[in-house]
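What follows draws every value from the coordinates through simple rules; no lab data is involved. Values in this document were obtained by computation on a predicted structure and should not be read as measured data. Note: ideal-geometry Cβ built from the backbone for every residue, glycine included; neighbour counts use all protein chains shown.
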Amino acid sequence: MIRFTAAPFVWLTILVYSASLPAQTDTLPEIPESSRRLLEDYLQNSDEEGDFDFNTIYENLDRYLERPLNLNEAGEAELQDLRLLSDVQILNFLRYRELAGELVSIYELQAVPGLDLATIQAILPYVSIGGDTDDYQESLSDMLREGKNELYLRWSRFLEPQRGYRPLAEGESGSRYEGDPNQLYLRFKHSYSNRLSYGFTAEKDRGEAFFRASNKKGFDFYSAHFYLRDYNRTLKALALGDYTISLGQGLILFSGFGAGKSVLATSVKRGGRVVRPYTSVNEANFMRGAAVSLQFGERWSLTAFGSYRGRDGNLSPADTLDVDQPVLSFTSLDMDGLHRTPGEIEDRNALYQLSYGGSLKYQFGKGHLAFNALADHLDKPLIRREQPYNRYYFAGDHVANASLDYAYRWRNFHFFGETAIGNNGVMATVNSVLAGLDPKLDIALVHRHFPRDYVALNANPFAETTGARNEAGMYFGIILRPAGGWQISGYYDLWRHPWLRFNTDAPSGGYEYRFRIRHFKKRTYEAYLEVRDEVKGRNVSLFDTKTDWPVPSRVFQARLHLAYQLHKSLEWRSRIDIGFADNEINELQQGFAIYQDLLFRPIGFPLSFTTRFALFDTDGYAIRFYSYENNLLYSFSIPAYYNRGSRFYLNLRYKGIRKLTLEARIAQTYWWDQENIGSGLEQTDGPVRTQVAAQLKYQF
């Protein structure tokens, strides 16, 4: 059995010795704290754990290091692409630029209402007040010849054997994984600033075959793209191969990363560029084909796109007694992209989806109005299993949607929203307002109304649940800066589900509030106290019957976090979470989690590392704590801490070879009160699970 519980103390000794080295910042900047909070909250709200699939959403920051964003020319979409500013901060900056004119110094950012020193410090490496945003002199051949090439190779696996890789015992039935436990990732990308990129991505998940059996061509997933941006005043974007489309506020289509409720309480707007290249490994959330965005004068723009790609689905043969049923149909779409067992392999590309649509936008001085349309056609019909909760879900082989989205800035207020209609005539709407009421006070309001029978295959709006259906609610968020170094943020969300949901066998509702008080000192420390309380209906087995019935179930959590810069090259972080889960039927579950981080990131020394040691003790999965973990470059891990145990990880990064970055990671979870970890084919016998990973990045 492998254990590393003493390792953090060994590394502490090394750190004390290393602190005497020249202290500078790593040339590969860490993802800012505000962005880590978004990712952490995203997984917590979706009740999932694991590695984050949108693993390239922040790679544009690397491009902006070489060619900073010109703040005097940047529009709302470009500022949103930074993912470092809240929606109200963007609103305040645009209004400041309208009133005061172009910035003459980068220090003028301190005069923008709502831009605190911590935010300014976070964006400074990526922005400037000059540049050639409107310089279209580069030819395509120059961009192809003079750009930068990057190659990534990544490998990871669990050391302990899992059930899915063991052969079936005599007399045992079931299935096993077709491939080995290694996870492999390969990516090549050529880029010229943010103007052009092309490349390919390939991935093999754990348990999938590699150059044999069902994957004789090697990797299980391949993706390629060509993307040209701002080539001239007319051609704003061209995408060939794999790409993403984001329209309006997500009521008909938003395939980029759309964060939900978080402590960044006024970040509620979907936005950014409509067309983006796709370089990630999420095997469900992208388009494959072509897209183009054209600009006509100062006010009109048009985006058109088409996509045709295979989708994973659970096929169902025809019932021979039903003459109206097609020869083959499917009961659900698979979204995980895993092809390890015979059943999963059979579902791979079981159907094909044709998608096409576009957006026509009229831009005026302080806002826009856009008409969006989307049609999806499946080559086999979706015939769902008969369950009361999915009675109003999409079924059939085609769906069409259209919407109007708008945005308007008036003084310190920003109004935006979208109203959409499906081909069944049902309408859904989401409308919001952001306001900088005072240099020290920002607020956000979001109202949404999604009928139970509104249908859209690709909807991803700001909401409590996914899919833009069966929900009505009101959200209020606030950020208050009472004094220098202090920030108070929070939100209150109230919603209602007028129809049944999965695991909720009656109409239900709920509310959630979250509150955080934060104090920070530039380049010295950050501390915050946070409280989160959520009550919503969940199925519970009643003692005197065999019926499941939804009852209000509460989850309460509190967090105390402290980060302190011990040295210019050394940072220490500490966190404690406590909480409980309760309802009127089940017993109270409660627990805590605590961790200590050390981060060592110098320039003058080629080796940097981050490490964590965590302890957790909870009564079960109902009370679990999600925590962002530093990982290999452009990889994110947000595991859930629950049961009784400990977790340790160590990341190493070496930059002693020109143009080459080498990284390694080891992470181990040890459950004190369990005989095994996981379930089904993922089960590991014994209470320990250890993951190792390595990555190579080569620039040429």
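Modelled label-to-label distance, residue 151 and residue 411, 7 Å Cα→beta-carbon offset: nm?
Going from the residue 151 label point to the residue 411 one covers 6.0 nm.
Please report, in Å, the Rg and the Dmax of the stretch 77-212, where both are computed over Cα atoms only.
Reported Rg and Dmax, both Å: 24.8, 79.
If R0 is 56 Å, what FRET efficiency do you get for residue 523 and residue 352 from their C-beta distance, rounded to 0.05? Numbers along the way, then the final one.
Details: r = 53 Å, r/R0 = 0.95.
Here the calculated transfer efficiency is 0.55.
If you wrap the stretch 561-692's Cα atoms in a convex hull and average its projection over all directions, what's the area in nm²? Don't jump to the answer; show the numbers that get you there.
On the way: hull surface 40.1 nm².
Computed as one quarter of the Cα hull surface, the answer is 10.0 nm².
Nearest 20 debye, what's the magnitude of the dipole of the stretch 593-663 about its Cα centre given +1 on Lys and Arg Cβ and -1 on Asp and Glu Cβ? If you can, show how the numbers build up before the last one.
Numbers: 9 positive and 5 negative charges, 85 e Å.
Dipole size: approximately 400 debye.
When the chain is fully extended, how far beyond the present Cα-Cα distance does residue 314 get from residue 568, taking 0.36 nm per residue of separation?
86.0 nm
Gain in length, residue 558 to residue 369, computed as 0.36 nm per residue apart minus the alpha-carbon separation, to one decimal in nm? Write out the running numbers ahead of the final one.
Details: separation 189, 0.36 × 189 = 68.04 nm, distance 4.18 nm.
Using 0.36 nm per residue and subtracting the Cα-Cα distance, I get 63.9 nm.
Going out from 0 in 10 Å bins, what whole percent of all Cα-Cα distances in the stretch 442-558 drops into each bin?
Spelled out per bin, shortest first, that is 12, 32, 28, 18, 8, 1.
Starting with the fewest neighbours, write out 380, 366 ranked by other beta-carbon atoms found within 10 Å of each beta-carbon. Let's see the in-between values first.
On the way: 380 19, 366 14.
In increasing order of surrounding Cβ atoms, one gets 366, 380.
For the chain, state the semi-axes of the equivalent ellipsoid (square roots of 5 times the eigenvalues of the alpha-carbon gyration tensor), sorted largest first and rounded to whole angstrom.
Rounded to whole Å, the semi-axes are 36, 34, 29.
Which of 361/697; 204/261; 269/440; 148/204 have a Cα-Cα distance over 29 Å?
In this structure, 361/697; 204/261 lie more than 29 Å apart at Cα.
Scan the stretch 238-317 for trypsin sites (Lys or Arg not before Pro) in coil per DSSP, keeping those whose Cβ has at most 10 other Cβ atoms within 10 Å, and list them by number.
none
Take residue 676 and residue 142, extend 7 Å from each Cα along the Cα→Cβ direction, and tell me the distance between the two endpoints in nm.
For the pair residue 676/residue 142, the computed spacing is 6.3 nm.
Along the charge dipole of the chain, pointing to its positive end and built from +1/-1 on Cβ of Lys, Arg, Asp and Glu, which listed residue (474, 179, 289) has its Cα farthest out?
Comparing the listed Cα positions along the dipole, 289 ranks first.
Sum -39500 (n - 2.57) across every DSSP H segment of at least 4 residues in the chain, then divide by the residue count to get the 222 nm mean residue ellipticity, nearest 500. Show your work: numbers first, answer last.
Numbers: 8 runs with 74 residues, N = 700.
Taken over the chain, the calculation gives -3000 deg cm²/dmol.
In what order do 530, 675, 98, 73 fall by count of nearby beta-carbon atoms within 10 Å, going from fewest to most? Provide the component values of the computation, followed by the final result.
On the way: 530 19, 675 8, 98 11, 73 14.
By the 10 Å Cβ count, ascending, the order reads 675, 98, 73, 530.
Taking 7 Å along the Cα-to-C-beta vector as the label spot, tell me the residue 65-residue 385 distance in nanometres, rounded to one decimal.
4.8
Residues in the stretch 337-381 near a label at residue 402, defined as backbone nitrogen under 17 Å from the 7 Å Cα→Cβ point?
Hits in the stretch 337-381 for residue 402 at 17 Å: 356-362, 369-376.
Kindly give the semi-axes, whole Å and largest first, of the ellipsoid equivalent to the stretch 494-621, taking each as the square root of 5 times a Cα gyration tensor eigenvalue.
Three semi-axes, in Å: 41, 16, 13.
Can you give the FRET efficiency for residue 99 and residue 588, using 1/(1 + (r/R0)^6), R0 = 60 Å, r = Cβ-Cβ distance, to the nearest 0.05?
0.65
If each residue of separation counts as 0.36 nm, what is the full-extension length gain between residue 166 and residue 302 once their alpha-carbon separation is subtracted? Display every interim value, and only then the final one.
Numbers: separation 136, 0.36 × 136 = 48.96 nm, distance 5.44 nm.
Answer, rounded to one decimal: 43.5 nm.
Would you work out which of 698, 620, 637 lies farthest towards the positive end of the dipole of the stretch 619-700? Charges go on Cβ: Lys and Arg +1, Asp and Glu -1.
698
Just rank 287, 427, fewest to most, by other beta-carbon atoms within 10 angstrom.
Working: 287 25, 427 14.
So the ranking, lowest neighbour count to highest, is 427, 287.
Hey, with R₀ at 30 Å, roughly what FRET efficiency would residue 576 and residue 496 work out to, going by the Cβ-Cβ distance, to 0.05?
Using R0 = 30 Å, I get an efficiency of 0.30.
Give the long-range amide H neighbours of residue 247: residues separated by 5 or more places, or on another chain, with amide H under 5 Å away, using H modelled in the peptide plane at 1.01 Å from N.
Residues meeting the criterion, in which the H sits 1.01 Å from N, are 253, 254, 255.
Would you work out the charge dipole size for the chain about its Cα centre, treating the Cβ of every Lys and Arg as +1 and the Cβ of every Asp and Glu as -1, and quote it to the nearest 20 debye? Mind dumping the intermediate values first?
On the way: 79 positive and 85 negative charges, 356 e Å.
That gives the chain a dipole magnitude of about 1720 debye.
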